[in-house]
Amino acid sequence: MLLDARNVVRDSVIPCDLCIVGAGAAGITLAREFASTGASVLVLEAGGTERRSEDQTLYSGTQTGTLFDERIPYLSQSRLRYLGGTTNHWAGWCRPLDALDFERRAWIPNSGWPFSRSALEPYYHRACSSVQIRPFDYRSDDAVPPARRLLPDSDDVVTKLYHISPPTRFGEVYGPELVRSPNLTLMLHANAMGLGVDRDASRVEAVRVASLEGNRFEVLPRLVVLATGGIENARILLLSNDVVPRGLGNRHDRVGRYFADHPHLDAGVAILTSGERRLAIYAQVLVERIGQQVTAMLSTAPDTQRREQLRNFNLHLRHTQADRAGELAHAVEGHLAQLSALRHRSVPSEPVRDVGRAEPRYFTLDVSCEPTPNPESRVTLSDERDPLGQRRVHLDWKVEEADARSLRRSLELVAREFGHWTAGRARLFPTEQDPWPHAYGGSHHMGTTRMHEDPRQGVVDVNARVHGIENLYVAGSSVFPAFGVANPTLTLLALAIRLSDHLKTQLEGTTISAR
C-alpha cells in the first residue's frame with residue numbers, strides 16, 4: 001500500500017507491528033524481508049519519489065572538521081531525502097569488510113566489533129541479491145580470466161576485488177514491490193519528529209510524524225527501527241529528549257559520537273611502463289568471467305598492518321587524459337624516485353625496464369583509507385531550527401594524526417611495490433606538513449550509534465537494539481563500531497538482513513513466514 005502523509009487525518013493514530021523510519025538501502029531491505037509475512041509493517045519516508053529542494057533543505061546544518069571545504073555543504077550534498085535515499089547517487093562499489101576490520105586491534109583505539117566477520121558471512125551472501133550482484137569469493141581471482149592475471153601478492157601489498165552493482169537505485173527497483181506487498185505500507189512525505197517513550201524510557205510508545213504541509217499524527221508500533229542514515233539516526237535520538245534530557249540511548253553521552261567517513265584523495269601520480277595489461281583491472285571497471293563488473297584495489301596486507309600498526313587502505317589507479325600527460329610529466333620530473341625490482345626477489349612478471357625505454361602510461365593514485373573511531377568526532381544539535389521547528393545538526397568531523405601517518409606509510413609500501421611489478425616512477429603528495437591534500441569524504445556516514453556490548457561505550461547492543469529500550473533498534477552504518485576501508489553498503493545490508501531475522505523472533509503472536 002502507498003500512502004501520503006500530507007493526506008493523513010491530522011492528529012490520527014496509526015498502529016502497526018513494525019515501524020521502519022527511513023526508506024533507503026537499510027530500511028527498504030529490512031521491509032522486503034517482512035514482505036508476505038503476517039506482520040503489519042509501516043515504512044516512513046521523509047521525501048517523495050523524486051528530489052525536492054524543500055525536503056532536501058531539512059538536511060542543512062553547520063559543519064566543522066579536519067577535511068571539510070567550507071564552500072561545500074557536506075550535510076545536504078552527501079545524502080538525499082527521497083525514496084531510496086543515498087542509493088540515488090551511489091556508485092555501486094561492493095565488498096565486505098575484511099576479517100581484520102572486525103578484530104580488536106591494540107594499535108587502533110576503540111576498534112573491534114562484538115562478533116567476527118564469519119558471523120556476517122551468510123548475511124553478506126543474502127545481501128548480494130539486493131544490489132543485483134552475484135556472490136563470489138572476494139579473496140581469490142576466480143572472477144578474473146587467466147589472460148588478465150592479477151598482480152602477485154607480496155609480503156606487504158595485496159589485491160582486493162570489488163564487485164560493482166549496476167548500481168541499484170532502491171526506490172526505483174524495490175518501491176513497487178513494497179507497494180504491492182499486502183502487509184507493507186510505504187508512507188511518503190512522513191518526517192519523523194521524535195520518539196515518545198514511557199515514564200522510565202524503557203519502551204517506545206509512539207513515533208511522532210509530520211509533513212512539511214502541516215499534518216501531524218502518531219504511529220503506535222510494537223517495534224521501531226531507525227534507518228535514516230549515520231547522521232539522522234543520531235539526530236532523531238537526540239531530539240527525543242522528553243523523558244531523558246540528553247536524548248534516547250544517550251545516558252552515557254554516546255549518541256552522535258564516533259562519527260566517521262572514509263577520507264578520499266588523489267594521493268599522487270605515477271608513470272608506469274610495463275605490465276599494462278595486468279594493470280587494467282586496477283584502473284577500470286571490467287566485465288569479467290562471472291558476467292558482472294569487477295575492479296581491483298591495492299592494499300596493505302593484514303600482517304603488514306599488524307606489524308607496522310597501520311589502518312586499512314585502498315589504492316586505485318586512474319588513467320589520466322592524454323592532454324594531462326605533459327602536465328603530469330612536468331610535475332614528477334626531478335621529484336620522483338626510480339622504482340626498480342629488488343634483486344633478491346623473483347617476481348613472475350614482465351622484466352623491469354628503464355622508464356625511458358618504453359611508452360609511459362600516466363596515472364593518478366586514488367586512495368581511500370580507514371579512520372580511527374574517535375569519540376570527539378560527533379553529531380550534535382545546534383540552536384538553529386529547520387522548517388519543521390526541529391533543531392538542526394552540527395557535525396564536527398575529526399580525523400586523527402595517526403590516520404595521516406598510516407596513509408603516508410601505506411602509500412610508500414604500495415609505491416615501492418610498483419618496482420617489483422613494473423618499471424615506473426611515482427610522486428606521493430601527502431606530507432607531514434600537508435597530510436590531506438585535496439581530501440574529501442566518501443559520503444559514508446558511520447559510527448554515531450555504535451554497536452557495543454557495554455552501554456557505556458556504545459548505543460546499541462549486538463542485536464542493534466538501543467541499550468535500555470526494549471523495542472527500539474537501529475539499522476545502517478551508524479552502528480559500525482569500526483570502519484575498515486570498504487564501502488559500507490554491502491555490510492549495512494548484511495546487518496539489516498541479520499536484524500530482520502532477529503525481529504521476526506521478537507514479534508510473538510504474529511504469523512511470520514521466512515522469505
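Can you tell me which residues in the stretch 62-94 are assigned to a strand (DSSP E or B) and not aromatic (Phe, Trp, Tyr)? If you could, list the steps in order and put the result at the bottom.
Restricting attention to the stretch 62-94, the residues satisfying the condition of being assigned to a strand (DSSP E or B) are 62-65, 93-94.
Across the stretch 62-94, the qualifying residues are 62, 63, 64, 65, 94.
Under 7 Å between Cβ atoms, which residue pairs at least 6 apart in sequence (or on different chains) link something in the stretch 72-93 that is closer than 16 Å to residue 51 by Cα with a partner that is of a type in the set (Asp, Glu)?
81/55; 82/50; 82/55; 83/45; 84/172
Applying the selection to the stretch 104-120, what residues are hydrophobic (A, V, I, L, M, F, W, C) and over 17 Å from residue 497 (Cβ atoms)?
Passing the criteria: 106, 107, 108.
Quick one: which of 399, 393, 414, 379 is β-branched (Val, Ile, Thr) and more than 30 Å from residue 240 (Cβ to Cβ)?
Only one candidate passes the filter, namely 414.
Of the residues that make up the stretch 99-107, is at least one closer than 30 Å to residue 406 by Cα and touching a Phe, Trp or Tyr at 6+ places or on another chain (Cβ under 7 Å)?
So far as the stretch 99-107 goes, yes, one or more of its residues are closer than 30 Å to residue 406 by Cα and touching a Phe, Trp or Tyr at 6+ places or on another chain (Cβ under 7 Å).
When you look at residue 97, is it in contact with a helix residue (DSSP H, G or I) (Cβ under 9 Å, 6 or more places away or on another chain) and in a helix (DSSP H, G or I), yes or no?
Values: in contact with a helix residue (DSSP H, G or I) (Cβ under 9 Å, 6 or more places away or on another chain): yes; in a helix (DSSP H, G or I): no.
So residue 97 does not fit the description; no.
Can you work out which of the residues in the stretch 222-271 that are crowded, with 21+ Cβ neighbours inside 10 Å and in a helix (DSSP H, G or I) is farthest from the chain's Cα centre (by Cα)?
Per the criteria, the residue is 238.
Suppose we filter the stretch 367-392 for residues that are more than 30 Å from residue 302 (Cα to Cα) and touching a Gly at 6+ places or on another chain (Cβ under 7 Å); how many remain?
Summing the residues that are more than 30 Å from residue 302 (Cα to Cα) and touching a Gly at 6+ places or on another chain (Cβ under 7 Å) in the stretch 367-392 gives 4.
Here is a yes/no grid of residues against (1) touching a Phe, Trp or Tyr at 6+ places or on another chain (Cβ under 7 Å); (2) assigned to a loop (DSSP other than H, G, I, E, B); (3) in contact (Cβ under 8 Å) with a residue 24 or more places away in the chain; (4) not β-branched (Val, Ile, Thr):
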{"residue": "444", "(1), (2), (3), (4)": "no, yes, yes, yes"}
{"residue": "455", "(1), (2), (3), (4)": "no, yes, yes, yes"}
{"residue": "469", "(1), (2), (3), (4)": "no, yes, yes, no"}
{"residue": "487", "(1), (2), (3), (4)": "yes, yes, yes, yes"}
{"residue": "491", "(1), (2), (3), (4)": "no, no, yes, no"}
{"residue": "498", "(1), (2), (3), (4)": "yes, no, yes, yes"}
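Under 6 Å between Cβ atoms, at least 6 apart or on separate chains: pull out the pairs that start in the stretch 198-210 with a residue that is closer than 30 Å to residue 4 by Cβ and end on any residue that is outside any strand (DSSP E or B).
203/470; 203/471; 204/471; 205/198; 209/190; 210/388
Conditions (1) among the small types (Gly, Ala, Ser); (2) more than 17 Å from residue 483 (Cβ to Cβ); (3) modelled with pLDDT of 95 or more, marked per residue:
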site	(1), (2), (3)
84	yes, yes, yes
112	yes, no, yes
116	yes, no, yes
122	no, yes, yes
134	no, yes, no
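Any idea which of (1) closer than 30 Å to residue 67 by Cα; (2) at pLDDT below 90 is the one residue 421 doesn't satisfy?
Residue 421 satisfies all of (1) closer than 30 Å to residue 67 by Cα; (2) at pLDDT below 90 except (1).
Check residue 213 against each of (1) over 23 Å from residue 255 (Cα atoms); (2) touching a strand residue (DSSP E or B) at 6+ places or on another chain (Cβ under 7 Å) and name the one condition it does not meet.
Here residue 213 meets the rest and fails (2).
Quick one: how many residues across the stretch 165-205 are in a loop (DSSP other than H, G, I, E, B), within 25 Å of residue 131 (Cβ to Cβ) and in contact with a Gly (Cβ under 8 Å, 6 or more places away or on another chain)?
6
Out of the residues in the stretch 381-404 that are of a type outside the set (Gly, Ala, Ser) and free of Cβ contacts under 8 Å to residues at least 24 places away in the same chain, state the one that is farthest from residue 430 (Cα to Cα).
385
From 129, 111, 165, grab the single residue that is among the hydroxyl-bearing types (Ser, Thr, Tyr), out of contact with any Cys (no Cβ under 9 Å at 6 or more places or on another chain), surrounded by 13 or more Cβ atoms within 10 Å (Cβ to Cβ) and at negative phi.
On the way: 129 fails: surrounded by 13 or more Cβ atoms within 10 Å (Cβ to Cβ); 165 fails: out of contact with any Cys (no Cβ under 9 Å at 6 or more places or on another chain).
Of the residues listed, the single one that is among the hydroxyl-bearing types (Ser, Thr, Tyr), out of contact with any Cys (no Cβ under 9 Å at 6 or more places or on another chain), surrounded by 13 or more Cβ atoms within 10 Å (Cβ to Cβ) and at negative phi is 111.
Of the conditions (1) surrounded by 15 or more Cβ atoms within 10 Å (Cβ to Cβ); (2) acidic (Asp, Glu); (3) in contact with a strand residue (DSSP E or B) (Cβ under 9 Å, 6 or more places away or on another chain), residue 70 fails just one. Which one is it?
(1)
Of everything in the stretch 240-280, what is in contact with a Leu (Cβ under 7 Å, 6 or more places away or on another chain) and within 28 Å of residue 28 (Cα to Cα)? Give them in sequence order.
If the condition is that a residue be in contact with a Leu (Cβ under 7 Å, 6 or more places away or on another chain) and within 28 Å of residue 28 (Cα to Cα), then 240, 247, 248, 249, 250, 255, 256, 259, 263 are the ones that fit.
How many residues are farther than 21 Å from residue 226 by Cβ and small (Gly, Ala, Ser) if we restrict to the stretch 435-464?
Selection size over the stretch 435-464: 3.
Quick one: would you say residue 162 is part of a helix (DSSP H, G or I) and over 15 Å from residue 390 (Cα atoms)?
Spelling it out, it is not the case that residue 162 is part of a helix (DSSP H, G or I) and over 15 Å from residue 390 (Cα atoms).
Within the stretch 33-56, restricting attention to residues that are among the hydroxyl-bearing types (Ser, Thr, Tyr) and part of a loop (DSSP other than H, G, I, E, B), which residue is nearest to residue 3 (Cα to Cα)?
49
With the structure loaded, tell me whether residue 449 is crowded, with 22+ Cβ neighbours inside 10 Å, over 28 Å from residue 154 (Cβ atoms), hydroxyl-bearing (Ser, Thr, Tyr) and touching a residue at least 24 places away in the same chain (Cβ under 8 Å) or whether it fails that test. Even if it seems obvious, please write down each step before you answer.
Details: crowded, with 22+ Cβ neighbours inside 10 Å: yes; over 28 Å from residue 154 (Cβ atoms): yes; hydroxyl-bearing (Ser, Thr, Tyr): yes; touching a residue at least 24 places away in the same chain (Cβ under 8 Å): yes.
For residue 449, the condition - crowded, with 22+ Cβ neighbours inside 10 Å, over 28 Å from residue 154 (Cβ atoms), hydroxyl-bearing (Ser, Thr, Tyr) and touching a residue at least 24 places away in the same chain (Cβ under 8 Å) - is met.
Counting only residues that are closer than 18 Å to residue 435 by Cα and at pLDDT below 95, how many does the stretch 244-272 have?
Residues flagged as closer than 18 Å to residue 435 by Cα and at pLDDT below 95 within the stretch 244-272 amount to 5.
Being crowded, with 21+ Cβ neighbours inside 10 Å and part of a loop (DSSP other than H, G, I, E, B) is the requirement here; does residue 393 meet it?
Answer is no for this residue.
If I filter the stretch 348-371 for residues that are in a loop (DSSP other than H, G, I, E, B), modelled with pLDDT of 95 or more and either over 26 Å from the mean Cα position of the chain (by Cα) or more than 23 Å from residue 283 (Cα to Cα) (or both), do I get at least one hit?
Yes - at least one qualifying residue is present in the stretch 348-371.
The values are calculated or read from the model by the stated rules, or taken from the named source; none is laboratory data. This one's a predicted model, so the numbers in the text were calculated from it and none came from an experiment. Reconstructed Cβ throughout: ideal geometry from the backbone, glycine too, with neighbour counts over all protein chains shown.
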